[in-house]
Amino acid sequence: MARKFSKAGLAVTVALAATLATAGAVGAAGAADAGGGPGKDGSGRSATARARQAGTHWVNTWTSMPQLTEPNNMPPAPYNQDGKVLDDTTLRQTVHVSVGGKQVRLRFSNAFGGADLPLTSVSVALPAGGRAGASAIRPGTSRKVTFSGKASTVVPVGAQAVSDPLDFDVAAGTNLTVTVYLADGQASNSVTSHPGSRTTSYLLAGDHVRDEDLAGAASAAHWYFLSGVEVWSPDTTAAAVIVGDSLTDGRGSTTDANNRWPDQLLDRLRSRPDTASTAILNQAAGGNRVLDDGLGPNALSRVDRDVLAQSGVEWALVFEGVNDIGTAEATEAVQQRTADDLIAAYDQIIVRAHTQGIRVYGATLTPFGGNDPYDDPDGYREQARQKVNAWIRTSGRFDSVVDFDKAARDPQNPRELLPAYSDADHLHLNPAGYAALAAAVPARLFHQEPLPRGFGFN
């Protein structure tokens, strides 16, 4: 995450970093250059050695929110057996990176695994044709990933593993392929994944990590185990985390097209020189709620993991709460309490993020009129939505407000989505609707600026 230092503290930190880098440069550079691999310049230094300079840091360029895999989102047969998954299996997945870099590292999560997760071998490559959801990789681009210098690692239950930095040039706004082989699988049917990938992954028996194509592989529109990709970037690069539910996870978007609203926001920001270095991190899951666990842990409980622990974060945008309202009992008393509890929860998220120097933006909740079962005949849930939106707009607690309600609603019937934007269920949006949300986010929110005096005291 982004950290704020005083000038004196920064000078000490930079000096100490320079001393440590000098002390370790010979051994690190020598080890990196010994194989004569890619990344050398005229000085003979590897790209990894050159990266150890002041003014650079790790920034997440892609994330997926880890959650416990439901039975219907488990790997397809025969890759899901009683008490074991992905035995002797190669898993190939593609992800859409937001900002680029010449060094990358991966994060694998076993947050919800019922047993240790043994990763036998891992590689990164560029997908064939640069396509999302591709089963093939571009010839000659596959590179081995290591963990503390070793080809394999075991991720303990509840933990995560971060790979070694790898010299690998990945461009902003492109797709990256990550291939994993599990020789012995994971000895549990409790598995960490992100079911709402809207991206095709491939599974094939045997070790095919370096194969250019996985001919005959089974497919699944889910991500498993992989939870983050980081790039080593200048300090002018920073990340914005979006905390949300299925509206941000992209239900109603197109599989393998990356046209969720955060994807379309990224395209906008990349087109502008003043925001082109902004990473967009989608930390949403379908069915997620702010107050109570649903599909994945509640937003209040996952803020530390999904926002504060991510690399290079300077902003967070909260667009969540419709599932809390929609699943709470449709009585006046319960809906008033739900609205009040949501407001208190937003305030807690703001306090916790401000403590870490992260600005927090609030997005108003979009309409769900006509949705079955959320739209109750007495309108108590709509009253709760209006109360929450009024607080988001007028309380002044968020550092800025994004009015998604205004962007998506039907002006002739404000309780419902604009028909041109609505998916069939009157709750989720189609790609055009997601484009409208992306257009409603002011680019100025992602300008790097010093924090005001007293920021975080709340």
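The values are calculated or read from the model by the stated rules, or taken from the named source; none is laboratory data. This one's a predicted model, so the numbers in the text were calculated from it and none came from an experiment. All Cβ positions, glycine included, derive from the backbone under ideal geometry; neighbour counts span all protein chains shown. Protein only, heavy atoms only, side chains kept; ligands, DNA and RNA dropped before computing areas. Shrake-Rupley method; radii C 1.70, N 1.55, O 1.52, S 1.80 Å.
Some values worked out for this structure:
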{"quantity": "Packing rank of 438-447, 219-228, where each peptide gets the mean count of other beta carbons within 10 Å, highest leading", "calculated": "219-228, 438-447"}
{"quantity": "Dimensionless Rg ratio for the stretch 291-400, taking C-alpha atoms and the 2.2 N^0.38 Å reference", "calculated": "1.09"}
{"quantity": "Shape call, the stretch 207-318: gyration tensor on alpha carbons, a/c limit 1.5", "calculated": "oblate"}
{"quantity": "Cα-centred dipole magnitude for the chain, charges only on beta-carbon of K, R (+1) and D, E (-1), debye, nearest 20", "calculated": "1900"}
{"quantity": "Percent antiparallel among DSSP beta bridges (both partners in the stretch 201-314, rounded to 5)", "calculated": "35"}
{"quantity": "Paired Rg and Dmax values of the stretch 364-457, which use every Cα atom, in angstrom", "calculated": "15.6, 48"}
{"quantity": "For the stretch 316-458: accessible area per residue (Å², 1.4 Å)", "calculated": "43"}
{"quantity": "Fraction of antiparallel bridges per DSSP, the chain only, in percent to nearest 5", "calculated": "75"}
{"quantity": "Mean separation of Cα contacts under 8 Å (6+ apart) over length of the stretch 218-361, as relative contact order %", "calculated": "26"}
{"quantity": "The stretch 78-217, dipole about Cα centre (Lys/Arg Cβ +1, Asp/Glu Cβ -1), debye to the nearest 20", "calculated": "480"}
{"quantity": "Potential extension, Ala257-Ala77 segment - 0.36 nm per residue separation minus Cα distance", "calculated": "62.2 nm"}
{"quantity": "Carbon and sulfur %, accessible surface of the chain computed with the full protein complex present, 1.4 Å", "calculated": "52"}
{"quantity": "Protection proxy ranking of 208-218, 281-291, 101-111 - average other beta-carbon atoms within 10 Å, highest first", "calculated": "281-291, 101-111, 208-218"}
{"quantity": "Full-stretch length increase - Asp87, Gln348 - with 0.36 nm per residue and alpha-carbon distance subtracted", "calculated": "89.7 nm"}
{"quantity": "Residue among Ile280, Ala328, Thr338 farthest towards the positive dipole end of the chain, charges placed on Cβ", "calculated": "Ile280"}
{"quantity": "For the chain: lysine pairs under 28 Å (alpha-carbon distance), excluding those fewer than 8 apart on one chain", "calculated": "9"}
{"quantity": "The stretch 176-215: Cα Rg divided by the 2.2 N^0.38 Å rule of thumb", "calculated": "1.32"}
{"quantity": "Contact order normalised by residue count of the chain, Cα under 8 Å, 6+ apart, percent", "calculated": "16"}
{"quantity": "Accessible area per residue, Å², the stretch 175-223 with all protein chains present, probe 1.4 Å", "calculated": "32"}
{"quantity": "Relative contact order %, the stretch 387-434, counting alpha carbon pairs below 8 Å whose residues are six or more apart", "calculated": "20"}
{"quantity": "Ordering of 362-373, 241-252 by packing [mean C-beta count within 10 Å, highest first]", "calculated": "241-252, 362-373"}
{"quantity": "Taking all pairs of distinct alpha-carbon atoms in the stretch 104-191, Kirkwood radius in angstrom", "calculated": "13.9"}
{"quantity": "Once the Cα gyration tensor of the chain is diagonalised, semi-axes √(5λ) in Å", "calculated": "37, 28, 19"}
{"quantity": "C-alpha long axis of helix 7-33 to longest principal axis of the chain, angle in °", "calculated": "50"}
{"quantity": "Theoretical gain in end-to-end length, Thr331 to His447 [0.36 nm per residue, Cα-Cα removed]", "calculated": "37.5 nm"}
{"quantity": "Calculated from backbone phi, Karplus (6.51, -1.76, 1.60) coupling profile of the stretch 236-253 in Hz, x at Gly/Pro", "calculated": "6, 9, 8, 10, 10, 9, 10, 9, x, 10, 5, 5, 9, 5, x, 4, x, 7"}
{"quantity": "Dimensions (Å) - the stretch 74-155, Cα atoms, principal axes, largest first", "calculated": "39, 30, 23"}
{"quantity": "Leading residue at positive end of dipole, the stretch 331-458 (Cβ point charges), from Gln386, Ile350, Pro431", "calculated": "Ile350"}
{"quantity": "Check: the stretch 262-397 dipole with +1 on Lys, Arg Cβ and -1 on Asp, Glu Cβ, in debye", "calculated": "660"}
{"quantity": "Principal-axis tilt of helix 380-394 within the chain, Cα atoms, nearest 10 degrees", "calculated": "60"}
{"quantity": "On Cα atoms only, tilt of 261-270 relative to the major axis of the chain in degrees", "calculated": "60"}
